[in-house]
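One structure is given below, encoded as structure tokens.
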Amino acid sequence: MNHNYYAVLMAGGVGSRFWPVSTQDYPKQFHDMLGAGQTLIQKTFARLSRLIPEENILILTNERYNDLVLEQLPQVKQEQVVLEPAMRNTAPCILYAALKIQKQNPNAVMVVAPSDHWIEDEAAFVSDLETCFQFCASHKALMTLGIQPTFPNTGFGYIEFDKEDSQPIKRVRQFREKPDYETAKSFLESGNFLWNGGIFIWSTAAITEAFATFQPEMDHLFRRGLPTFNTPDEGAFIQGEYASAANISIDYAVMEKADNVYVLPASFDWNDLGTWGSLHEKLPKDAANNAVVNATVILENAHNNIIRAEGKKMVIIDGLDDFIVVDRDDVLLIYPKSKEQEIKRIMSMAEKTI
């Protein structure tokens, strides 16, 4: 394995649209959402470790999830768990992790990967990631893996690349915000748009230089703590200063401003597992297109549903079409799949009631 390869596994989100399974105390990345025998974070760590030495994989998460990370990834040492004392979007935590890695290994190239995505063809993922690592090791490039769109999705941002570029790795023209349906259709018809899956690759030298150029205040904030990084004094600095960092995403902070951004169209199947509907797409289904996780079911006149329970509970359904049915602890959710984006709001209402 190449010991210049590093990964930052992003595991701090709450996944509120997967309520009531995903909660603030126990979010979706720590659940076996597909009934596959591994939690999402375990699956992601195993996939990354096919190319990257295990000791070079950092887990970036909120400090409240520290024990969950160590419990589910026993091969990880405490110093590999990078804790955020405050929620500040993706840019500050990526800069923090990049500076830690760069101090340890100035020749490092790194991937930033979400912990809750589902990738079936892991060999293709590893091959694509190796291609990106090799490119970034020899070019001052900020890279992303773009996902081939399969339908005009309005829930993702898009990456527009140069249509005239015949190389496998393509220069990015611009990032586009989540579009309306007609705009998304035009993106697919044009043939040079990819979904932004939030997987980034670069050398630590390239990304820290980009932060110094485009986010000088944030760069100055974290560089003041550089002498403490990877030492026992690091925690005190981060506790005292991290919340002062701007609350901004890596896309807005750097990627949309830089002119050395490249994309490799991914060769693997991908699902961001952001909603119950996206989970339904990945699960095995019966003849009536019902997907079942951890439940024993009797279904009559039931179609297109996703049903999840605890402990193989018997669930009997008649006359339900295109619904989410989730039974967990003291919450039973029966909700239309077409309104799944409203679950975050419903969760907030429920928390005020309980």
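Applying 0.36 nm per residue to the separation of residue 353 and residue 107 and subtracting their alpha-carbon distance, the gain on full extension is 83.3 nm. When the Gaussian network model of the chain links Cα atoms closer than 10 Å, the mean-square fluctuations of 111, 331, 263 top out at 331. Treating each Cα of segment 14-165 as an identical point scatterer and summing with the Debye formula, the log10 of I(q)/I(0) at q = 0.09, 0.12, 0.14, 0.21 Å⁻¹ comes to -0.33, -0.60, -0.83, -1.70.
P(r) for the chain, from all Cα pairs and a bin width of 20 Å, is 28, 57, 15, 0 %, short bins first. Every Cα-Cα pair of segment 193-276 was included, and the share exceeding 19 Å stands at 53 percent. Rolling a 1.4 Å probe over the protein chains gives residue 26 an accessible area of about 70 Å². Treat each spin label as a single point 7 Å out from the Cα along the C-beta direction, and report the residue 233 to residue 124 distance in nm. The two pseudo-label positions are separated by 4.9 nm. Each peptide in 341-347, 1-7, 16-22 gets a packing score, the mean of other Cβ atoms within 10 Å over its residues, and the list from highest to lowest is 16-22, 1-7, 341-347. Semi-axis lengths, largest first, of the ellipsoid equivalent to segment 1-53 are 26, 13, 6 Å, with √(5λ) applied to each eigenvalue of the Cα gyration tensor. What the pair-distance distribution of segment 1-95 shows, using all Cα-Cα distances binned every 10 Å from zero, is 16, 49, 31, 4, 0 percent.
Here, segment 256-354 has an Rg and a Dmax of 17.3, 56 Å when only alpha carbons are counted. Only protein heavy atoms count here; under a 1.4 Å probe, residue 220 has an accessible surface of about 120 Å².
Enter the accessible area of residue 25 (Å², nearest 10), with the probe set to 1.4 Å and all protein chains included. Taking all protein chains as shown, residue 25 has close to 110 Å². The listed peptides 276-285, 124-133, 72-81, ordered by packing as a protection proxy, come out as 124-133, 276-285, 72-81 (highest mean of other Cβ atoms within 10 Å first).
The values are calculated or read from the model by the stated rules, or taken from the named source; none is laboratory data. This one's a predicted model, so the numbers in the text were calculated from it and none came from an experiment. Because the Cβ atoms are built from the backbone with ideal geometry, glycine has one as well, and the counts that use them run over all protein chains shown. Side chains are part of the model used for accessible areas, which takes the heavy atoms of the whole protein and leaves out ligands, DNA and RNA. Shrake-Rupley method; radii C 1.70, N 1.55, O 1.52, S 1.80 Å.
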